[in-house]
Structure formats: structure tokens, C-alpha cells
Amino acid sequence: MSIDSSSRSGLTIAGAPISSPLKDVWALSRQMVGHFVENVAPCGTLPGDAIYGDVTTITRTCLELAVGMLDGTNIPEKIERLKDAAAQWAREGVPIDTIHHAIHEGFKIGLELVVSGSAGRQRAAAGDGEMVITLADYESLIGGAKLVVEMLDTMTTAVSTAYVRELKAVVSEHHTAVHTLTSALLGGHPTSTMARECGIEIAERYHVLALAIPPHPDESNPVLDGTVVARRKLRRLQAELATRYNHTPLSLLSVDGGTLLIPTQHTDDAALEALTTHLSKAAHVPITATLVSTPTDTIPTAADQAHQLLDMVARLHSEPGLYRFDDLALEYQLTRPGPGREYLGSLLEPLDHHPELLETLHTHIAHNLNRQRTARLLHVHTNTVDYRLKRIGQLTGFDPTQASGLWYLRSALVARTYRAG
């Protein structure tokens, strides 16, 4: 007897089809679903009408498919029904591990029935004599074992393929909706109709974050495709956002950065403080973000402010992290055009012929006046830092070691970055 999976002949034990214990698919499917409810999804992964409706139907379909394969019947329409069900479960958010666990639990039940049924027929055939397994029965058992593996492969492949394909479609639809609504909010013209169509509720207030995402070191590796490395960096960051907020926040992001809108009721100050740390860890690069909180109707203005703040932080070579508008209000005001900005920017002109002094001032202020860290970043001794700070005071007339002098120098540094730019 051939045991090739393409064989059209059915497998038998003691002259009876090996699939006999599975023939009553209606009763067996109800039994299996009851087992699923008790052991596979006891926490209510699906509502009752789905459990005793779609799930029972698909369980029956799987049984019919198993019986058909054991009997050598080719029934591709059963596979299509299984794929359709998997796609529906993906759209409804049923975890794929629950589906696969249910399939395997069903196989264990079915296999026990087949094995016990085959053993019973062998004992009945033997009567009072010694039970003998014929070569044909042995080949059927081997063929049945191989078919079990083939059935599992067929069902899990069908479920996984359809599930992932539908999940990608759902994610794509949601991404498009998020992109549309975010663009509308940033443009200042969201509508309740648009929100309903997107399936996303518009909050009353948002944290508007401007993000700067630096290149990953591997993006410049000539051995690797920099574009692929950059996309993977962005996907990791987006996955972290989706996981952290249990949904995809409204965002317009590229591999270099962008804008993120987070409803204020969905996060607290502690979470915001830790946000850039988590995003940096996920993206494997140090991310800088600036934050402005605002009512929904003023999001465009807040987004513009947030990106101006981000530009200012970049010009000042500040450390990566989260910067709030309240923390940088003075610096922001200093960047506004006018005679005040021009005057402050001119205060550092005596350093134009001393680039090492200007770099030292930049680094020292950007790293919270930490002499040791400034020295380490500039690869000089701390005494050299002290000497340079003293020279800056002599040339500009403002002592960076005194509060009043430091205030003017920091203000001049802010104004100069825009005056020169």
C-alpha cells in the first residue's frame, strides 16, 4: 500500500477506514469546542456567539478536512474556508497563538480517538487469539502518522498565511487612517466625520512632540544597505510607540524624525520623561524631542513651536532627551528677530578668531557646566577648560564662572546661532 500524501486511496486498519472515529463531525466538533472553552480560551478570548457559531463551524471544517485527507479525498474548498476564518479572526483581534493552540488541542483529541479506535478494531479482529498487526495495518499506521504531520502543516500554514495577510491589510488601513487624521490635525482642519471614518477618537488636548532621529551608525556602513537600516530603525521606534500606548499614536514620522501627537489623558509626566529613553533604546540611537502641550484647535501653532524648539536645541548642540517649551521659553524668545537678538549675537564676535574657545563655551553650556565632562568631550585636561573659560571672560567682558556673565554668554550663544544662520 502506498503512503504517498498524493494517494487517492484511504488508510485502513483491520479492514475499516482509519478515519472512522472522526466521522461524526457534528458531535465531535461540539465536544472539541467545549474542550477549547475550558482549556484553551478560558478568559473569554471570543464572545459566546462566536465560540458556538464560527468556531464550531471551523472546527467541523477542520475535522472534515482531516477525514478527507485520511480517506484520500482532495477537498481544497475546506482550506479556503479555513483561510477565510483565519482572516476574520485577525480582523477581530483573536490572538494567533490561541488559534494554533486550539488546532493542536483538536489534533490531540482526534489522534487519541483514531488510536483507540484502531486498537479496538485490532482486538475485535483478534478475538480470543493473539492480536496481530498485518503489514497493511502497519503501513496504514505509518501513513496515518505522516498524514497527521501533513495535516498540521496544511492547517497551520493556511491559518498563518491568511492571518498575517489580513493583519497586514488591517495595519495598512489603520496606518492610512492615522496618517490622514494626523495630517488634518496638524493642518488645523479635523472634522468629526473624518474621525468617525478613521475610527479614531479626537482628544481635547494633546502633547505635541517634535522628534529628531539621528542616523544609525550602520546607515553609513558600506557593507550594508543604509536605506534598509534606516527603515528598520523607524519600524522599531513605531513598534515601541504602539506597545507603550496600547495603540498607534497619531504621528507623521520619517527615518529622520517628525511629529507625534499623544492625547494628554493617555500619559503622565513620568511617562513623558521616560519616553525618549524608551524610544532611543528601541531605535538604537539617541533621540531628541521637544514638547508643547495644547488644546486640539491650536495643534498647528504648537507643532510649529515644537519644531522651532527642536531646531534651537540642535543649534545649541544640547544633549539628547526631552525638552519642554516651559524649560526653554527664555531661549525661544531670544531667537525671535529684532535688535535684541542682533546685539546679543554680536557679544561673541571677539571669539571669532578663537574657534577652540567658542567650542569650549558651546560644550560647557550644553553639558550643564560640568568641567570634567567638557574636558572629556574635548579631549583636554580640566585645567585647559578652566584656562579657556578665563580667556573667554577676558575677550568678551563676561565671566562664564559668574551667574551674570554666564547668563549673557548663554543668551549670546542662542542668539548667535540664529544670527549666523
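Distance check, please: which entries in LYS108/LYS146; LYS78/LYS108; LYS83/LYS233 exceed 24 angstrom between their Cα atoms? Listed pairs above 24 Å: LYS83/LYS233.
Pair-distance distribution of the stretch 203-334: all C-alpha pairs, bin width 10 Å, starting at 0; shares per bin in whole percent are 13, 44, 33, 9, 1. The value obtained for the stretch 339-420, namely the Cα convex hull volume divided by the number of residues, is 82 Å³ per residue.
Once the Cβ-Cβ distance between ASP153 and HIS175 is put in as r, and R0 is 25 Å, what FRET efficiency do you end up with, to the nearest 0.05? For R0 = 25 Å, the calculated efficiency reads 0.20. Taking label positions 7 Å along the Cα-Cβ direction at both GLU92 and ASN368, the computed distance is 5.3 nm, reported to one decimal. Remark: the THR382-VAL164 segment gains 72.7 nm on full extension, using 0.36 nm per residue and subtracting the alpha carbon distance. Would you mind pulling out the separation of the Cα centroids of the stretch 260-316 and the stretch 348-421, in Å? The stretch 260-316 and the stretch 348-421 have Cα centres separated by 28 Å.
Each value in this text was obtained by applying a stated rule to the coordinates, not by laboratory testing. Please read these numbers as outputs of a predicted model, since none were measured by experiment. All Cβ positions, even for glycine, are placed from backbone atoms using ideal geometry, and neighbour counts span all protein chains on display.
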